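Asks: After the structure tokens below, expect a handful of questions from me.
The values are calculated or read from the model by the stated rules, or taken from the named source; none is laboratory data. Everything numeric in this text was worked out from a predicted model, so none of it was measured. Reconstructed Cβ throughout: ideal geometry from the backbone, glycine too, with neighbour counts over all protein chains shown. Surface accessibility is based on the protein's heavy atoms, side chains included, excluding ligands, DNA and RNA. Shrake-Rupley method; radii C 1.70, N 1.55, O 1.52, S 1.80 Å.
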Amino acid sequence: MILNLLSSSPRIIELCHQFPHGITDQVIQNDMPHMEAQQRAMAINRLLSMGQLDLLRSNAGLLYRIKESQNASKMKGSDNQEKLVYQIIEDAGNKGIWSRDIRYKSNLPLTEINKILKNLESKKLIKAVKSVAASKKKVYMLYNLQPDRSVTGGAWYSDQDFESEFVEVLNQQCFKFLQSKAEAARESKQNPMIQRNSSFASSHEVWKYICELGISKVELSMEDIETILNTLIYDGKVEMTIIAAKEGTVGSVDGQMKLYRAVSPLIQPTGLVRTPCGLCPVFDDCHEGGEISPSNCIYMTEWLEF
């Protein structure tokens, strides 16, 4: 029987390589019909205990999948339930997974899952990260992963709190840079078309300016700066244009580059437009006594207090 185990294990590994998404017990049985169910189970358990296979659950039942060598060494000595939970967390990537979803996918009791999670955390194989989507809940991901922006909120959040003052400072500095660019273009005394073209700045230029100021404690990406620039566009302070760019040009993406410039409104908006009512998308549904009314409008209250 020991000889059968040793000879069948390499074949099971080969099958897993042929079907990287995993194999069922039926696949092994079809490939090795001479092997008894007890021998097959012992061979699979041996590979699981050696950390060479992953145990997964699917609609078709249990799946056996080849484990990467790095993960095999990490999970050596762990039982099958712990390996299953680890695999579920690994599959979630850097967006993490709630303990409730781990319970749903593993079909394990919550008390057992909590015990496994604590054990994996103590081994520094996984970590718990607070999500901005639900501050009282945590998601679990592999220990060496950097959480996705959807989990941490990116540069605009610190300990699940939105950094409104930091965003406002960035907003002001980005606009100041574009304004100085526009003023320099006007003072050049060139023809109007050249002045207009030279007043534009790429998002990479704005990003470089902000980085050199040193006002951010966190590392900002060009995407972060473009988010700030978009708020300036919505405020009517900046306009954007997209031009074709040579491949490899700094600041270009897929052969295109975004350019921004500061603009001044031709006329000041009327008083009504400056109120929340002037921009309210449900203005027509607003009336006293209704579900939407001036007396319970939080935007009107905030505007009056300001």
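Asks: Name every residue in the range 12-62 that is surrounded by 17 or more Cβ atoms within 10 Å (Cβ to Cβ), under 13 Å from Lys83 (Cα atoms) and not charged (D, E, K, R), in order of residue number.
Replies: Once the filter is applied, which keeps residues that are surrounded by 17 or more Cβ atoms within 10 Å (Cβ to Cβ), under 13 Å from Lys83 (Cα atoms) and not charged (D, E, K, R), the range 12-62 yields Leu47, Leu48, Gly51, Gln52, Leu53, Leu55, Leu56.
Asks: What residue, of Leu47, Leu56, Leu15, is within 30 Å of Ser122 (Cα to Cα), part of a helix (DSSP H, G or I) and either at pLDDT 80 or above or not small (Gly, Ala, Ser) (or both)?
Replies: On inspection, the qualifying residue turns out to be Leu47.
Asks: So which pairs qualify, if the first residue must be in the range 279-304 and modelled with pLDDT of 75 or more, the second must be open to solvent by 60 Å² or more (accessible area, probe 1.4 Å) and hydroxyl-bearing (Ser, Thr, Tyr), the Cβ gap must be under 7 Å, and the two must be at least 6 apart or on different chains?
Replies: Glu288/Ser295
A quick yes/no check of all residues on (1) assigned to a helix (DSSP H, G or I); (2) touching a Phe, Trp or Tyr at 6+ places or on another chain (Cβ under 8 Å); (3) modelled with pLDDT of 80 or more; (4) open to solvent by 40 Å² or more (accessible area, probe 1.4 Å):
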| site | (1), (2), (3), (4) |
| --- | --- |
| Val206 | yes, yes, yes, no |
| Glu223 | yes, no, yes, yes |
| Leu229 | yes, yes, yes, no |
| Lys246 | no, no, no, yes |
| Pro269 | no, no, no, yes |
